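Have a look at the structure below, then the notes.
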Amino acid sequence: MKAHSFDLVVLGGGSGGYAAALRAAELGRSVAIIEQDRLGGTCLHRGCVPTKALLHTAEVAEGVRRAAAVGVQASLDGVDGAAARAWRQKVVDGKHRGLQSLVRSRDIAVIDGRGSVVRHDGRPAVAVGDDVYVGDDVVLATGAASRSIPGVTLGGRIVDSEGALALDEVPRRVVVLGGGVIGVEFASAWRSLGAEVTIVEALDHLIANEDPSSRTALEKAYRRRGITLELGARVTNADVHGDGVSLTFERNEEATTIEADLILVAVGRAPTTSGLGLEDVGVETERGFVVVDDALRTTAEHVWAVGDIVMGPQLAHRGFRHGMFVAETIADEAPSPLDDSLFPRVTYSTPEVASVGITEPQAIAAHGADRVVTREVSLAGNAKSEIVSAGSDARGGFAKVVALADGPVLGVHLVGERVGELITEGQLAVAWEARADDLAPLIHAHPTQSEALGEAFLSLAGSPLHTP
Ligand code: NAD
């Protein structure tokens with residue numbers, strides 16, 4: 001076995017892994033990334049980036065359909081699924097090349113192969129074939145993969161998000177199994193592209209972790225868009241037959257079967273932690289997730305874990321932050337502590353749902369109903385919102401702020417077209433523990449949808465301008 005020595009060895013080159021590598025290299029460390037597929041991982045190749053490209057194709061189609069509402073004559077003659085897919089790939093390839101050259105520019109060694117964690121001469125290391133990459137520290141960043149449920153086997157017309165992105169056609173009738181973020185995003189895209197869409201969700205709500213106001217607004221908008229919602233429905237079975245597929249679910253002990261051309265399985269993603277030799281080096285896992293302390297240290301000395309293998313919200317930007325955090329901790333830079341509630345969350349559907357901090361029920365549970373105040377400002381009166389959502393079945397939305405009475409803002413929740421771009425302001429407010437009266441004097445440009453958030457701060461500070 002040939003040994004190669006580095007300051008830091010990173011297993012997995014996705015968002016968490018490459019961020020750790022880039023920051024460590026910036027801090028003067030020698031770094032190797034072990035990657036079995038391509039740098040950029042799920043987010044770049046099979047997740048965030050291509051799905052946002054699919055959603056943009058859908059938004060353009062939707063825009064053509066709505067064109068008459070703003071005085072433009074246009075007709076939607078069809079969607080070329082193969083051309084849309086080729087364009088998505090071009091976006092991904094460009095970003096992949098950019099990432100490769102960035103990593104090269106920092107002299108990071110990228111090792112192509114499947115690694116497993118070992119110890120070598122008492123140091124943590126990653127073995128790849130006959131080579132062993134030994135580090136002062138090892139960062140585990142192996143991400144997560146789609147899972148399914150009993151009775152539903154992936155294959156053919158039953159796809160996960162990766163299979164859905166590989167399609168060259170828009171399915172005519174599609175059933176989305178799971179009303180979490182992935183299910184909701186694909187349902188939105190396919191509906192805009194002309195498909196009949198049904199979402200089957202076991203819980204009573206879509207995007208169940210979001211504030212009740214947000215999930216209710218999304219459900220209302222989806223129904224107006226003609227998306228069928230089967231909520232509180234537990235899926236028991238899926239069958240591929242002839243040229244179709246059927247899905248059976250139970251609700252109130254009654255079974256219903258629906259027919260479709262395609263089923264998307266979006267019931268969550270499981271951490272990739274088996275088969276890596278973790279138990280052999282003393283890295284403990286719990287329900288598949290790597291057990292870590294507040295500083296992302298695993299139970300094995302000098303082995304760290306970042307991103308989706310650490311229990312919490314599975315978000316690419318959480319991976320980035322984890323990666324930077326670990327590299328800085330190793331370099332004694334004392335980064336700010338991590339807080340899962342401070343990672344902004346965006347569901348890129350039509351309408352978009354964005355949030356940061358905690359929901360109203362979480363705030364009440366933590367502080368008591370008498371200490372929590374909220375303001376919800378509708379986008380109905382907002383000029384920019386009316387303009388950008390002209391002709392949409394999903395127009396409207398709101399900005400909602402959850403705060404402590406005489407205390408800081410605890411959560412910001414937004415629903416509406418393009419509101420994902422506005423959540424950064426919410427993040428600054430929540431993370432800086434700003435109070436509504438600190439924020440109320442700040443001016444929001446007119447006309448922007450951010451004015452609704454400004455109005456919520458004004459109202460909470462006791463000086464509303466456009467609301468009662
Ligand atoms: P999820 O956990 O968000 O949602 C899965 C949904 O499936 C849940 O609502 C669950 O109740 C439902 N479900 C589970 N078993 C079921 C059954 N038998 N019958 C009916 N419904 C069932 O998972 P996801 O949507 O697959 O996404 C995976 C991860 O990726 C999430 O953590 C998500 O936040 C992340 N992600 C984020 C973004 C984004 O930030 N925009 C985009 C895509 C994915």
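Would it be correct to say that T329 is within 21 Å of E26 (Cα to Cα) and polar (S, T, N, Q)?
So T329 fits the description; yes.
Quick one: in the stretch 179-208, which of the residues that are assigned to a loop (DSSP other than H, G, I, E, B) and near the ligand (Cβ under 9 Å from one of its atoms) is nearest to S146 (Cα to Cα)?
Per the stated criteria, the residue is G180.
Here are some residues: R23, R29. Which one is open to solvent by 50 Å² or more (accessible area, probe 1.4 Å) and either at pLDDT below 95 or in contact with a strand residue (DSSP E or B) (Cβ under 7 Å, 6 or more places away or on another chain) (or both)?
Exactly one of R23, R29 is open to solvent by 50 Å² or more (accessible area, probe 1.4 Å) and either at pLDDT below 95 or in contact with a strand residue (DSSP E or B) (Cβ under 7 Å, 6 or more places away or on another chain) (or both), namely R29.
In the stretch 140-153, what residues are outside any loop (DSSP other than H, G, I, E, B), within 13 Å of the ligand (Cβ to nearest atom) and either free of Cβ contacts under 8 Å to residues at least 24 places away in the same chain or buried (at least 18 other Cβ atoms within 10 Å of the Cβ) (or both)?
Scanning the stretch 140-153 gives A144, S146.
Would you say A84 is of a type outside the set (V, I, T), in the same structural domain as L8 (by TED's automatic domain parsing) and in contact with a Ser or Thr (Cβ under 6 Å, 6 or more places away or on another chain)?
yes
If I ask for residues that are more than 10 Å from the ligand (Cβ to nearest atom), within 24 Å of the chain's Cα centre (by Cα) and either part of a loop (DSSP other than H, G, I, E, B) or under 18 Å from I34 (Cβ atoms) (or both), which ones from the stretch 154-168 would you list?
Within the stretch 154-168, L154, A166, L167, D168 meet the criteria.
Select, from G288, G307, the only residue that is touching a His at 6+ places or on another chain (Cβ under 8 Å), modelled with pLDDT of 95 or more and either surrounded by fewer than 21 Cβ atoms within 10 Å (Cβ to Cβ) or not hydroxyl-bearing (S, T, Y) (or both).
Unique residue meeting the criteria: G307.
For V346, are the conditions met, namely being of a type outside the set (S, T, Y), open to solvent by less than 50 Å² (accessible area, probe 1.4 Å) and assigned by TED's automatic domain parsing to the domain that holds H446?
no
From (1) within 11 Å of the ligand (Cβ to nearest atom); (2) surrounded by 15 or more Cβ atoms within 10 Å (Cβ to Cβ); (3) more than 24 Å from the chain's Cα centre (by Cα), pick out the condition that doesn't hold for A260.
(1)
Of all residues being farther than 17 Å from V419 by Cβ and in contact (Cβ under 8 Å) with a residue 60 or more places away in the chain in the stretch 210-225, which is least open to solvent (accessible area, probe 1.4 Å)? Just the residue, please.
Only one residue fits best here, namely P212.
Assess whether R287 counts as being within 16 Å of the ligand (Cβ to nearest atom) and on the phi < 0 side of the Ramachandran plot.
no
Taking the residues in the stretch 225-245 that are away from the ligand (no atom under 15 Å from the Cβ) and over 30 Å from F343 (Cα atoms) as candidates, determine which candidate is farthest from the chain's Cα centre (by Cα).
Top of the filtered list is G242.
Restricting attention to the stretch 314-339, and to residues there that are in a helix (DSSP H, G or I) and under 13 Å from the mean Cα position of the chain (by Cα), which single residue is farthest from the ligand (Cβ to nearest atom)?
Once the filter is applied, the top-ranked residue is F320.
Can you pull out the residues in the stretch 209-221 that are within 14 Å of the ligand (Cβ to nearest atom) and of a type outside the set (A, V, I, L, M)?
N209, E210, S214, R215, E219
The values are calculated or read from the model by the stated rules, or taken from the named source; none is laboratory data. Only a predicted model underlies this, so the values are computations on that prediction, with no experimental measurement involved. With ideal geometry, Cβ positions are generated from the backbone for all residues, glycine too; neighbour counts draw on all protein chains shown. To get the accessible areas, we keep the full protein, side chains included, count just its heavy atoms, and leave off ligands, DNA and RNA. Shrake-Rupley method; radii C 1.70, N 1.55, O 1.52, S 1.80 Å.
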